[in-house]
Each structure stands twice: as structure tokens, then as C-alpha cells.
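The next block holds one structure in the form of C-alpha cells; read it before the comments.
What follows is calculated from the coordinates using simple rules that are stated; it is not laboratory data. Bear in mind the structure is a predicted one, so any value in this text is a computation, not a measurement. Here Cβ is always computed from backbone atoms with ideal geometry, including for glycine, and neighbour counts include all displayed protein chains.
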Amino acid sequence: MQKFYHILNYGCQMNESDAEHYAAQLEELGYHKNEDFRQADVIVVNTCCVRESAEKKILGKIGELKNVKAQKPEQIICIAGCMAQKDGEKLIKKHPQIDLLIGTSYVNSFKEILEDYLHDKHVRVHTEMLNNQDSEFEGERVRENGFSAWIPIMYGCNNFCTYCIVPYVRGRERSRSVENIIEEVKRAVAGGYKEITLLGQNVNSYGKDFGEKEAFAKLLKEVDKVEGIERIHYMTSHPRDMSEDVIKAVAESKHICENFHVPFQSGSTRILKEMNRGYTREKYLELIKLIRKYVPNAVLTSDIIVGFPGETEEDFLDTYNLVKEVGFDMIFTFIYSKRSGTPAAKMEEQIPLAVKKERLNRLMELQNDISLKLNQKFVGEVVEVIAEGPSRKNDKVWNGRTETNKLVLWPIEDNKFEVGQAVNIKIETAQTWILKGKALV
Ligand code: SAH
Ligand code: SF4
Ligand code: F3S
């Protein structure tokens, strides 16, 4: 009898990367992936707790699994990831359908934990944080995407931005060695992955823990040299730590993409201080200038939080005007969410939800205008995309991304494309988030 697994994944790229390790370990134990979690013998819910909205959604799903398991009592339910790390045993008390709780330090021990469980069927909780976890070890992966590979270069975060739960659930910063990373990059490229994304909560502090200066720029140069690699992305950058040597490394490289995701979170220096971000509005704008000096066509994106405790209309306008001034290609805007255990949760003057929503809407309207105007510049141009496959809504239309991560759609007509193939597209129309055109073949 075949056994099946299903992974329900939430949260950031780090979680997507971890999920690939869970998949590989399940396959080593003889499980096969299936599409319907109701029929799976093992369900892994890989959780996120960065905002309350994420938690609510996941808790709803865990609730649903109770009914699913009632139909299939032998089913094994594992809760992994950041929420498992944060809430630990509390989750099992509330949701007795859970069999295994796996914190963020146990990604590569999952196979043994599951084997132990299969042996005696006793509930297991592994949420002790092992900050000294061996960062050199990255187990096998089963990748979801056929041409793009995640490669973590560091784990954890030391920044403790006052709103953020991540440092509490991912532990202290630990960098992998350059050799170790390059070895994994080479293996991925040899396996056909042309696009590599280097992952870390603050990639600009890569190598600080082994006392190396300019370590991230040096790493980028090494990755750029790997034979066969086509596109290199990295995330996330921190404006306080992003330095000239990194920008230069991007400018001088052959394969590092010219998109800069540099979250500024707030345009108000006063709020930035309350957030413990370590830079001012002016410093951030200088950084943007520096990026544009070396990389004139840089595509800029950012994360922004609205409604941080104490944010006045004037503070918000600082954010609004910064967005206007820089002209980002895209922004990811979030309503501040109170995370218990973080310093900001205890701050007075929490902002009412209606005010936060109104600010978010104003910011999104502004950005829609900016994105559309920037996209319209592409009309009539030819861009190279890497084909990702048929679009979700229409299999007669394919989608792919440009070097700077713009989403492009084109009709396939009589042509055939392969996933991962480079295709030249002549852009005919621009929308806020997508470009549409025809393939030149
Ligand atoms: N390490 C990365 C990503 C952190 S989480 C970074 O520093 O940018 C991704 C984004 O979630 C953050 O950039 C921030 O904008 C947002 N975020 C984090 N905590 C939040 C909270 N409590 N409420 C709302 N948004 C939050
Ligand atoms: Fe959170 Fe700040 Fe660390 Fe990013 S840098 S993960 S926002 S604490
Ligand atoms: Fe969420 Fe954890 Fe990532 S809290 S954003 S999955 S590091």
C-alpha cells in the first residue's frame, strides 16, 4: 500500500526552503506527495506567526484538520515552523489532533522524530531552541519549482526590530561557510536550476558571526562565478547594513539581478527609532541614491508597516512621501500587528484598526499609480523572461519573469516553450502588476 504526505506551507521563503527538507525526509521514508491533504497519511503544517492574520488562517486550518482526521484516524498531523516554535505545548492542549510539534531547530531531524513516533505513537514535542544548531548542515531537498532554487546562507536574526517576532522564533544569527554555500549552489545548478535565491533575514550581516568584513559582497562574487548559473537573487537586505561593496558587487556581476528589495518599514525617523531599525529617513534616501548611482536601472521594492504604535498622521505622511519620492516598482504594505512578547506590543497608543486600514489604502492607491506608470515604460520594449509555465487562470497563456522579477504573460499560440527556457517577449500592454506581450520566436 502506498503512503502519502501533504505539506501545507505558510509564511516566507525560509519556510518554503524548510518545506523542501520536510518533503525530502518524507520521501526517504517511502511517502509520496499527494494533492489532497484529506487523503494524506502524514500532513505537515509549516506555520508562520509574523502577523495575527497569518496565525488566524493557520489556526482555522488546524481546526479543519480535526474533522479530516476524524475520517482517517491513522492520519499523522505535524505542526512545524514558527508558530509551533512560539506556542509549543499550548497548541496541543487546544488542538489534541496534533501528533508532532516541530520547532525551527529540528527541520533536519524530522525523519528521526517521525520514525520514533511511528514506533510507539506517542505525541512528540520538539520546540527547545538550539541556537548552536549546526549551520553547516543542509539536508536533501525535494524542490517544488523546476528552475529556481532557494539556498539559505544564514539562519536567525539578531536585529530585534521592536514589532517583530522572527528573532524569538528563529534564534540568533548563524552564517553558513562560503564553501558550504557554493557547494550547494553548484549542486543545484548541476541539477538544472538556473536561478538561485540566497536567503537570510538580513543578508547584509552575513559572515559577521565569523568576523569577516564585506563577507556578503565576497559571497555574491563567488556565487556569480559558478558555471551555468543564470540569475542570482538575494533577500532580505537591511538598510542599516547594506553597504557600497554589496551594491558594487551587484553592478559588476554578470548574473546578479538588478532588483533591490530594501524594506524601509517607515519613512518617519521618529518611528524608525521606536522600531529599533538603526537608520534615519535621510540615511535611507542616501542608500537609494547610492544604489541608483551604481545601478541606474535598479528595480526597487520595499516592505512597509502602517499603524505602528504612536504613528501620527504626520509620521504616516513621511512614509507616503517617501514612497512618492523614491518611486518603487512594488511595495509590500502591512498593517502593524501586535505580537505578544515583542516590545512594541507593550507600547501605549496602539492605533485603531480603522485608521490603519485607511492609511494602508492611501498607500496602495499611490503605489498602484506609480507601478502602472513604471510598467508603461516597457510598452514597445523587448524583455527576456524565464518561462515558468502556463498561467494559473488560462493554460493558453504562459507566464515568466524578467531579470528584475516583473511578471510577463504571453499567448502560446502554436509555439512550444519549456519551463526554464529564456524567451524574448515584445511588450504590448502594461497593467499595475503585469506586462503582456508576444513571444519573438
Ligand atoms: N527579515 C526580513 C523579513 C521580515 S518579515 C526583513 O527584515 O525585512 C517580512 C515583513 O513583515 C517585514 O519586512 C515587515 O514589514 C513585516 N512585519 C514583521 N513584523 C510585523 C508585524 N508585527 N506587523 C506587521 N508587519 C510585520
Ligand atoms: Fe524581523 Fe527586523 Fe529581523 Fe527582519 S530584521 S526578521 S523585521 S527583527
Ligand atoms: Fe513567518 Fe517565520 Fe518567515 S514567522 S515570515 S515563517 S521566519
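Summary table below
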item: Integer Hz, Karplus 6.51/-1.76/1.60 couplings in order for the stretch 38-44, x for Gly and Pro; result: 5, 8, 6, 7, 10, 10, 10
item: Share of alpha-carbon pairs per 10 Å distance bin for the stretch 1-66, given as whole %; result: 21, 48, 28, 3, 0
item: Two-decimal Rg/Rh across the stretch 45-89, once Rg and the Kirkwood Rh are taken from alpha-carbon atoms; result: 1.00
item: Whole-number percent relative contact order across the chain, with pairs defined as alpha carbons under 8 Å at least 6 apart; result: 10 percent
item: Computed magnitude of the charge dipole of the chain (debye, nearest 20; Cβ of K, R +1, Cβ of D, E -1); result: 960 debye
item: Separation in nanometres of the label points that stand 7 Å from Cα toward Cβ, at GLN39 and LEU130; result: 3.6 nm
item: Only Lys, Arg (+1) and Asp, Glu (-1) charged, at Cβ; the stretch 1-107 dipole about Cα centre in debye; result: 500 debye
item: Highest-MSF residue in the chain out of PHE332, PHE308, PHE110 [GNM, Cα springs under 10 Å]; result: PHE332
item: Stretchable slack from LYS90 to PHE332, in nm (0.36 nm times residue separation minus alpha-carbon distance); result: 84.0 nm
item: The stretch 301-441 shape via C-alpha gyration tensor axes, a/c threshold 1.5; result: prolate
item: Cubic angstrom per residue, convex hull over Cα atoms of the stretch 3-126; result: 94 Å³
item: Cα gyration tensor shape of the stretch 143-202, rounded if a/c is under 1.5, else prolate or oblate by comparing a/b with b/c; result: prolate
item: Helical contribution to [θ] at 222 nm, DSSP H n ≥ 4, -39,500 (n - 2.57), averaged over the chain, rounded to 500; result: -11000 deg cm²/dmol
item: At 1.306 mPa s and 10 °C, Stokes D of the stretch 148-376 from Kirkwood alpha-carbon radius, µm² per second; result: 85 µm²/s
item: Beta bridges by DSSP in the stretch 382-439, antiparallel share as percent, to the nearest 5; result: 85 percent
item: Candidate lysines - alpha carbon under 22 Å from LYS86, same-chain residues fewer than 8 apart omitted; result: LYS56, LYS57, LYS61, LYS66, LYS94, LYS111, LYS338, LYS346
item: Charge dipole of the stretch 3-126 about the Cα centre (unit charges at C-beta), most positive-ward option of PHE4, LEU91, ASN15; result: LEU91
item: Derived scalar couplings ³J(HN,Hα) [the stretch 146-158; Karplus, 6.51 cos²θ - 1.76 cosθ + 1.60; whole Hz; x for Gly, Pro]; result: x, 9, 10, 10, 7, 10, x, 10, 7, 10, x, 7, 10
item: Exposed trypsin sites (Lys or Arg not before Pro) absent - longest run of the chain, DSSP non-H/G/I/E/B, at most 11 other C-beta within 10 Å; result: 255-376
item: Spacing of the two label points (7 Å from each Cα toward its C-beta) at GLU222 and MET1, in nm; result: 4.9 nm
item: For the chain, diffusion coefficient by Stokes-Einstein and Kirkwood Rh (Cα), 25 °C, 0.890 mPa s, µm²/s; result: 105 µm²/s
item: Antiparallel DSSP beta bridges within the chain, as percent of all bridges there, nearest 5; result: 35 percent
